[in-house]
Structure formats: C-alpha cells, structure tokens
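Written out below as structure tokens is the structure these notes cover.
The values are calculated or read from the model by the stated rules, or taken from the named source; none is laboratory data. All of these numbers come straight from a predicted model, not from anything done at the bench. All Cβ positions, glycine included, derive from the backbone under ideal geometry; neighbour counts span all protein chains shown. These area figures cover heavy atoms from the full protein model, side chains too; ligands, DNA and RNA do not enter into them. Shrake-Rupley method; radii C 1.70, N 1.55, O 1.52, S 1.80 Å.
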Amino acid sequence: MRKYLLLAFMLTVNMLIGQNYTISGYVNDDSSGETLIGANVFLSEINKGTVTNAYGFYSLTVPEGEYTLIGSYLGFNEFSQKIVLDQNLKIDIDLAESSEILEEVVVVGEEVDRNVREVQMSVNKLDIKTIQKLPTLLGETEILRSIQLLPGVTSVGEGAAGFNVRGGSIDQNLVLLDEAPVYNSSHLFGFFSVFNPDAVKDVKLYKGGIPARYGGRLSSILDVRMKEGNNRKFEMNGGIGTIFSRLAIEAPIIKDKASFIVAARRSYIDVLAKPFLDDTNSDFSLNFYDLTMKANYRVGDNDQVFLSGYFGRDNFALADNAGFNWGNSTATVRWNHLFNEKLFANLTFYYSNYDYKINFGNDDIDRFDWDAKIINYSVKPEFSYFLSPSNVLRFGGQSIFYEFQPANAVAITNSIKTDISQDKQFALESNLFIENEIEIEERLEVNYGLRLSHFRYLGDRFAYTYGDAELGLPRPLEDASFFDKWETISSFTNLEPRLSIKYQLNDNSSVKASYNRTAQYIHLLSNTTASTPVDIWTPSTNNILPQMADQVAVGYFRNFKNNSIEFSGELYYKKMDNLIDYIDGADLILNNFLEGQILEGVGRAYGTELMLKKNSGRFSGWVSYTLAKSERQVMGINNDEWYPSRFDQTHNLSMTAFYELSKRVTLSANFVYNTGTPTTFVTTRFEQQGYVVPNSDANERNNVRIPDYHRLDLSITIDPKPDSKKRWKGQWVIGVYNVYSRRNPFTIFFRQDTDRVPVGNPINTEAVRLSVVGNFIPSISYNFKF
C-alpha cells in the first residue's frame with residue numbers, strides 16, 4: 001500500500017510541476033446541441049482519457065506533445081482529431097448519431113465496457129430510448145416501472161407508489177429531478193411516474209457505493225436529468241395514448257447559445273368515462289396532468305445558466321364537494337462556471353413543494369378541509385478539480401431549509417367552525433463533502449470521500465417530552481416547552497465515510513468493493529400496506545432520531561464477445577438503525593402527540609444480485625435475479641424478535657427482451673416473478689353479539705406471505721422508415737399488459753358474512769384476495785416527432 005500511495009503522490013507532483021497542458025470542452029449531440037453525459041474522451045497515443053460529467057464537460061491534463069483526440073458515445077459516430085498540445089486548448093466535440101445503430105435497440109447509454117472499467121458499482125443506468133421500447137401498462141413509457149426490472153429494485157404490488165431498493169422503505173429513496181427532490185414520484189396511485197419521457201435526458205440509480213456528493217437517504221439515489229432543449233432547430237415530440245396524451249416543444253432561442261423545452265401531459269380517463277355515468281356520478285373526476293419546462297443560456301465561454309421547473313397534479317373527486325388532490329412543484333436554477341481549464345463549478349438553487357388537499361362539503365354549514373405540505377429551499381455549490389486524467393477531486397456543500405405543514409385542517413358542523421390544525425415544523429440540514437477519484441496504478445482505482453452532515457430541528461412551536469412506558473403502550477406526556485423561531489430544539493451531527501475500490505483483473509473483467517454510511521433526517525409516517533398520497537413527512541426531533549445505515553458490497557464484473565454481453569454479480573449487506581414503527585393501534589391522523597406512539601428499531605438487509613445483459617444486435621435485453629432478505633427488530637413488536645419487513649421478497653426475477661424483426665419493427669417482452677410479500681394474519685377470534693373480533697394471541701408481525709406475483713407483457717413497435725425525408729415521423733406501439741390475465745394479489749383481507757346469523761350458529765368468514773389488475777390490458781399509442 002505504501003508503494004501505491006508513493007506512486008500516486010509522485011504522479012500528482014509531476015502533473016503539478018511538469019510541462020503539462022490541458023484540453024477541455026463539452027461533448028454535444030450534433031443534431032440537437034444537447035450535452036452528452038458520460039461520453040468517453042481520450043488520447044489514443046497514451047491511452048489516457050476521462051468521461052464527461054453531468055453537464056457534458058471534460059478536462060484532460062497531459063504532457064506537451066502531439067496526440068489524436070478521440071470522442072465516443074454509444075450509438076454515435078466516433079470523433080477523431082489530430083492536435084498539437086503546446087498550450088491549453090478548448091475543444092468542443094460534436095458527435096453525430098450512427099446511422100447503423102439509430103434504429104437498433106441499445107440497452108445502455110454509455111460505453112459498453114464502462115461497467116468493467118469504472119470504479120463505481122451498484123449503479124444502473126437505462127437509456128431513455130430503451131425505456132421507450134419496453135412494454136408497459138396502456139402503452140405509456142414509464143421510468144419508475146422500468147427501473148423495477150433491474151436487480152435489487154422491487155415494489156410491494158400493482159398500484160403501489162414508489163419503489164423499494166435493497167430492503168429499504170420507499171422514503172429511503174431520494175428522487176431528484178434536475179437536483180430538486182420529488183416527494184411523490186407517482187401519478188394515478190402508482191401506475192405512472194411524474195417524469196415525462198419526452199423531457200428526460202438521463203436516468204441513473206445509485207443503490208450502493210454512493211459517492212460523498214450524494215446524501216440524505218439510506219437506500220438509493222434516483223438522479224433524473226432533464227433535456228436542455230434543442231439549440232439548433234425547432235423540434236416537436238408527442239404521443240396519443242389510451243388514457244393520456246403528451247406534447248413537447250423544444251427550440252433555440254439564440255442558435256447554439258440558448259434554448260428551451262416545454263413538455264405537457266394530461267390524462268382523460270374521466271372524459272372518456274363521462275358518457276357512461278349517470279346524473280348522480282356526473283361530477284366524478286379522476287385525472288392527472290403535469291408540465292415540465294427548462295431553458296438555458298450560454299453567457300460566454302465559461303458560463304452557462306439553466307432554469308428548470310415541474311408542476312404536476314392528480315385529481316380524484318367523487319362529486320363537486322368531495323375528493324382530494326395532490327402534486328409536486330419544483331424549480332431549479334443552476335449556474336455552471338469554468339474558473340480555468342481544470343476547475344469546474346456548479347451552483348444550484350432549488351425549491352420543492354409537495355402538498356395534498358382533502359375536502360368534503362362546499363358550504364358554510366357542514367364542511368371539512370385539510371391540506372398538508374412539505375416545502376424545501378436549498379443552495380448547493382459543487383466544484384470539480386481535474387488534477388489529471390486519473391485524478392479528480394470533488395468538493396462542495398449544501399443547505400436545505402424544511403417547512404413541514406402536517407395538517408391545516410378546519411371542520412364546520414352546523415355552522416360551528418373548529419380548527420384542528422397541527423403546528424408547523426421547521427428544520428435546517430447542512431452538509432460538506434469531499435471526494436477523490438484516483439487511479440493509484442494501472443489496475444487499481446479508488447473513490448474515497450467523507451460527508452459531514454448536520455441537522456437542526458427548529459422552534460416557533462411547542463416541543464414535547466415523553467416519559468417511559470411499558471413496551472407497546474403510548475408514552476405519557478411529561479412536558480411541553482415553547483421554542484422561539486430559529487431556536488434549536490435538538491440537533492444531530494454525523495460523519496458519513498464513503499469508499500469504492502476497483503481492481504482490473506484483465507481487459508474484460510474486474511472486481512469491486514464499496515462501503516457507505518448514510519444518514520436520513522426526515523421520515524415518512526405511514527402504517528398502510530403501501531404508501532399513499534396522504535402520508536405524513538416529519539423531521540428528526542427531540543423524540544425521533546435520524547435513521548442511519550451502513551452498507552458493504554462486493555462484486556465481480558465480466559464482459560464477453562467484444563463487450564456485447566455483460567455479466568455482473570454483487571453481494572451486499574446493509575445494517576440500519578433508528579427505523580420507525582408504531583405501537584399497535586397508533587393514531588397517525590391529526591395527532592399532536594404521535595411521537596409518543598412511535599417505536600424505533602433496527603433493520604438488516606442482505607442479498608445477491610445477478611445480471612446478464614446483451615447490449616446490442618437484432619436480439620438484445622437482460623435477465624436480472626435477486627435473492628434477498630429484509631428484516632426488522634423492534635422492541636415491543638413480534639415478541640421482540642426479528643420479523644420480515646413488509647417489502648421483503650426472497651426471489652425477484654425479471655427477463656426483458658427485444659427482437660428487431662426489421663429496421664422498422666421491434667418486438668419487446670418482459671416477464672416478472674416475485675415472491676409474495678409478507679402480511680399479518682390473525683391467529684384467533686372472538687364472537688360477540690353476532691360480530692367477529694379478530695385477535696392475535698402470538699403477537700406476531702408479518703407471519704404469512706401472500707401468493708407469488710408473476711406477469712408477462714408484450715409489445716410491438718413500428719418505427720418510421722429510416723430513410724424517410726419527411727420531417728413528420730410517426731411511431732405505433734401496440735401492447736398487451738398481463739398477457740395471461742394473472743390476478744396478482746395486492747393484499748388479502750378477511751370479512752364476515754353479511755347475512756344475519758341465527759343464535760347458536762357459527763359466523764362464517766372468508767379471506768378475500770384483492771387484485772388491482774385482474775385481466776389482460778391491450779393498448780395502442782401513436783408517437784410522433786416533427
């Protein structure tokens with residue numbers, strides 16, 4: 001190890017004091033001007049290179065000399081240019097899409113050997129063109145459902161919002177849209193995501209080995225980046241589907257200097273259903289809509305400004321005076337600045353707001369209104385210093401101000417108004433990070449870093465103190481103290497080390513290992529089978545500790561047949577502390593003293609993830625398999641013993657395949673099999689005055705599993721003629737979801753016979769299997785580009 005450290009030190013000194021010059025610039029899509037994330041840039045004579053960052057920027061510092069500069073990105077023609085490096089050079093690289101690969105399904109959006117050569121592990125990236133070819137529900141391109149086809153990613157069932165990663169709950173996933181957090185990433189109770197595919201540029205999921213620049217959640221980071229907009233010509237994309245339509249317009253404001261994109265969607269289930277509803281249901285409404293926007297302006301050679309925003313909403317109304325709605329709003333302002341050829345900076349400001357509203361009645365005599373929000377304001381400076389092609393230093397920080405509004409609730413009964421609102425909560429989260437990615441020697445590469453996070457629970461409200469109680473019972477309230485605005489009620493500080501190591505065995509294989517500690521200071525309060533839009537977010541307080549996790553992983557990565565086939569196998573183990581659970585019968589709704597009914601426990605998740613992927617050709621796709629276990633232990637639950645978590649699934653298998661019948665026609669299929677999730681069944685019952693009262697003598701949690709889940713989907717995509725000169729290009733997608741009409745259970749519940757039972761006769765009860773989708777669902781959609 002001393003030899004490697006000395007070698008790294010000597011290389012760094014040589015780069016700093018030797019006669020070296022820097023080549024830097026951006027890599028762009030030639031047709032649209034969009035920057036390309038993760039493009040390869042290297043010098044062939046010395047086989048030294050780098051990849052572009054999240055903004056398409058690259059920087060290479062090497063000794064003076066004559067070189068061949070190569071730029072490449074999968075699906076694009078290679079760029080090559082002879083250069084004489086006797087001074088610092090700025091060279092922007094434009095890559096043209098390859099005519100040979102343009103119509104071919106490619107299941108990765110980066111260089112095919114990246115999985116073997118990069119130090120990062122436990123990361124999955126899906127190209128947006130691949131996502132658009134997948135068979136989906138009602139023919140609509142779906143990002144969240146697509147990532148559930150990857151190893152380690154699951155869901156508790158059809159119609160469940162969010163996703164679970166490596167045994168974690170859905171609130172342990174940080175979902176980012178242009179760096180702004182999205183707190184509810186689903187439309188229509190989990191069937192569709194909030195991300196409009198026409199506006200999405202890049203999707204990357206971090207499951208482990210999380211770099212120090214990311215934090216705030218225990219299990220994963222889903223980083224979704226939006227398109228900047230075509231800065232070279234006008235372009236219009238859209239689609240007309242079974243239940244909603246979409247339209248996206250992008251164009252230059254100033255050619256090659258400024259551009260914009262606006263994308264909108266709206267569902268019309270309620271519009272289609274209206275002719276079939278009688279007068280009593282004429283006010284029924286079930287729809288969603290969203291609007292995604294972004295603009296950018298290149299101020300000069302060294303500065304670029306981005307402005308992006310999202311606004312989406314779901315509406316569910318039973319009548320004009322009863323229903324609820326929910327939605328996200330985000331706004332992001334980013335400034336990129338080049339201090340010099342080696343130092344790249346990005347400054348981000350964002351605003352995020354998730355809220356929901358419930359109402360019954362619309363007059364001043366009898367009415368109930370309830371709304372809740374979680375609002376974020378953040379500033380985040382980040383710096384990347386490119387010391388050499390094999391040594392990149394990143395550092396920065398972030399501050400997030402939270403405002404929690406758990407309930408603004410007013411009830412009016414017989415014209416008497418009662419305000420049952422709960423106090424707002426405020427918090428400030430801050431962090432600093434530093435990370436270094438360095439190639440110690442030709443085969444050994446390391447990414448190590450440290451994140452320092454600090455959280456303050458702030459005043460302008462009462463803080464409650466609770467006493468001790470017997471396990472399983474509410475803790476008694478002992479004190480209530482008022483804290484002034486900005487006064488600290490409680491605070492927490494944590495160091496979060498991160499480490500990833502790669503050892504290159506040969507050109508086609510490598511082994512990797514990683515460790516990360518993560519801290520999570522905000523929590524989702526929910527005791528339902530799956531998350532709902534009206535669940536409550538709360539900060540860590542004087543009664544709720546931050547959740548903590550430590551995860552280790554090791555993996556083997558191997559490519560075959562000139563990198564056309566990839567294999568990866570990973571083992572992981574994750575230990576979690578301060579996980580939230582509740583006493584039996586806890587009241588989560590409009591309860592000012594809920595913290596006295598919360599229990600905290602520990603968790604563990606471990607498993608094996610395997611993935612075999614064929615990247616290109618007429619037949620392509622992947623197979624992923626996960627063998628995993630996710631458990632919890634909470635004093636006062638399940639007799640203080642370990643029990644499976646609600647989202648524990650032993651086996652998770654998915655197979656995805658694409659077959660190109662011709663340059664225009666592609667067949668797609670995916671098959672999914674998951675072990676049934678755990679649930680709790682009662683073990684005994686009482687009968688009292690004709691009613692059955694369920695009871696569990698054993699005090700067991702999640703003691704049975706619902707039946708296994710499996711489903712087959714098929715689709716056919718008909719593309720326009722590849723040699724067509726028409727500007728208007730149309731695409732048809734015909735699909736069938738749940739081909740063999742499997743009635744997959746979402747949950748199982750019990751009910752008793754509604755008929756009156758004669759005295760002395762037993763009361764009949766039955767188990768009911770609830771399936772959200774019980775039949776095959778055909779679909780047809782038409783997509784266009786102009």
Taking amide H positions as placed 1.01 Å from N in the peptide plane, with prolines and chain starts having none, which residues 5 or more places from residue 645, or on another chain, fall under 5 Å of its amide H?
-> 630, 631, 632
Carbon + sulfur, % of accessible area of the chain - ligands and nucleic acids excluded, 1.4 Å | 57
Stick to the Cα atoms of the chain, pair each with every other, and give me the Kirkwood hydrodynamic radius in Å at one decimal.
-> 28.3
From the backbone phi of the range 178-193, what are the Karplus-calculated ³J(HN,Hα) couplings (6.51 cos²θ - 1.76 cosθ + 1.60, θ = phi - 60°) in whole Hz, Gly and Pro given as x?
-> 6, 6, 8, x, 10, 7, 10, 8, 10, 9, 6, 6, x, 6, 9, 8
Can you bin the range 156-245 into rounded, prolate or oblate? Criterion: square roots of the alpha carbon gyration tensor eigenvalues sorted a ≥ b ≥ c, rounded for a/c under 1.5, prolate for a/b above b/c, oblate for the rest.
-> oblate
Accessible-area value, residue 654, 1.4 Å probe, nucleic acids and ligands omitted, Å² = 0
What net charge is computed for the residues neighbouring residue 670, neighbours being all others with C-beta under 12 Å from the C-beta of residue 670, Lys and Arg scored +1, Asp and Glu -1?
-> +1
Rel. contact order, % - alpha carbon contacts under 8 angstrom, at least six apart, the chain | 11
Mind checking the per residue accessible area of the chain for me, 1.4 Å probe, whole number of Å²?
-> 42
Loop trypsin sites (Lys or Arg not before Pro), the range 447-549 (other Cβ atoms within 10 Å of the site Cβ: 11 or fewer; DSSP) = 485
Quick calc: nm separation of the 7 Å Cα→Cβ label points for residue 87 and residue 724 -> 4.9
Just reorder 165, 51 by solvent-accessible area, largest first, 1.4 Å probe, all chains present.
-> 51, 165
The Cα radius of gyration of the range 74-230, divided by 2.2 N^0.38 Å with N its residue count, comes to 1.18
Residue 582 long-range amide H proximity, modeled H, under 5 Å = 599
Longest principal axis of the chain (C-alpha) makes with the long axis of helix 2-17 (C-alpha) an angle, in degrees to the nearest 10, of 60
Using the 2.2 N^0.38 Å rule of thumb for compact globular proteins, work out how the range 332-414 stacks up: its C-alpha Rg over that value, please.
-> 1.92
Could you go through the range 535-543 in sequence order and give the Karplus-derived ³J(HN,Hα) for each residue, using 6.51 cos²θ - 1.76 cosθ + 1.60 with θ = phi - 60°, rounded to whole Hz, and x for Gly and Pro?
-> 5, 10, 9, 9, x, 5, 10, 5, 10
Potential lengthening between residue 48 and residue 487 on full extension [0.36 nm per residue; Cα-Cα distance subtracted] = 152.8 nm
Set the Förster distance to 25 Å, then compute FRET efficiency between residue 270 and residue 369 from the Cβ-Cβ distance, nearest 0.05.
-> 0.65
Roughly how many Å² of residue 642 are accessible to a 1.4 Å probe, to the nearest 10?
-> 80
Can you list the lysines whose alpha carbon sits under 21 Å from that of residue 357, skipping same-chain ones fewer than 8 residues off?
-> 373, 417, 424
Among the listed pairs 48/380; 201/574; 82/255; 90/294; 129/721; 207/227, which are separated by more than 20 Å between their Cα atoms?
-> 48/380; 201/574; 82/255; 90/294; 207/227
Integer Hz, Karplus 6.51/-1.76/1.60 couplings in order for the range 713-730, x for Gly and Pro = 10, 9, 7, 10, 10, 10, 8, x, 4, x, 9, 5, 8, 6, 6, 7, 10, x
CD proxy at 222 nm, helix term only [per DSSP H run n ≥ 4: -39500 (n - 2.57); per residue of the chain; nearest 500] | -1000 deg cm²/dmol
For 479, 577, 755, 713, what's the largest-to-smallest order of accessible area, 1.4 Å probe?
-> 755, 479, 577, 713
